[in-house]
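First the structure, in the form of structure tokens, and then the observations on it.
The values are calculated or read from the model by the stated rules, or taken from the named source; none is laboratory data. What you are looking at is a predicted structure, and each value in this text was computed from that prediction instead of being measured. Virtual Cβ from ideal backbone geometry, glycine too; neighbours counted across all protein chains shown. Surface areas here come from the heavy atoms of the whole protein model, side chains and all, with no ligands, DNA or RNA. Shrake-Rupley method; radii C 1.70, N 1.55, O 1.52, S 1.80 Å.
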Amino acid sequence: MAAGIITLTDRAVDRVKTLMAKRPDAAGLRVWIKEAGCSGLSYKVDFTDEAKPGDDVVETDGGKVYVDPKAVMYILGSEMDYQEDKFFSGFLFMNPNEKGRCGCGESFTV
């Protein structure tokens, strides 16, 4: 079911592969939502050592991406990308459920 929850661009898959090569003992990456910032919600991505009950899993050529079940209602239908330039490097989310973002781009609201 995770494939309908979130898709990854080729750049995101490549970045997952690079990160997993640095931590081959990790089970994959976890995507979750945290209450933060002036708009209220923030995307988080980090290594995870195990699947948790209720996780949805996106299997890519780069490794597994676990989606926290509490995040699903906020990110359903989103696309995860990776960007790297002079000013920013990190995962970006194109989320059709977003109703607004704070000025600095750190948080969003649905």
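Here are a few things to note about the model shown:
- Annotation: of all residues in the range 85-104 being under 19 Å from residue 56 (Cβ atoms) and open to solvent by 60 Å² or more (accessible area, probe 1.4 Å), the one that is modelled with the lowest pLDDT is 96.
A quick yes/no check of all residues on (1) open to solvent by less than 40 Å² (accessible area, probe 1.4 Å); (2) touching a Ser or Thr at 6+ places or on another chain (Cβ under 9 Å); (3) assigned to a strand (DSSP E or B):
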position	(1), (2), (3)
21	no, no, no
52	no, no, no
58	yes, yes, yes
66	yes, yes, yes
69	no, no, no
74	no, no, no
79	no, yes, yes
83	no, yes, yes
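- Residue 73, sole failed condition from (1) hydrophobic (A, V, I, L, M, F, W, C); (2) more than 11 Å from the chain's Cα centre (by Cα); (3) at pLDDT 90 or above: (3)
- The residue that is nearest to residue 24 (Cα to Cα), counting only those in the range 41-50 that are open to solvent by 30 Å² or more (accessible area, probe 1.4 Å) and touching a residue at least 40 places away in the same chain (Cβ under 8 Å), is 45.
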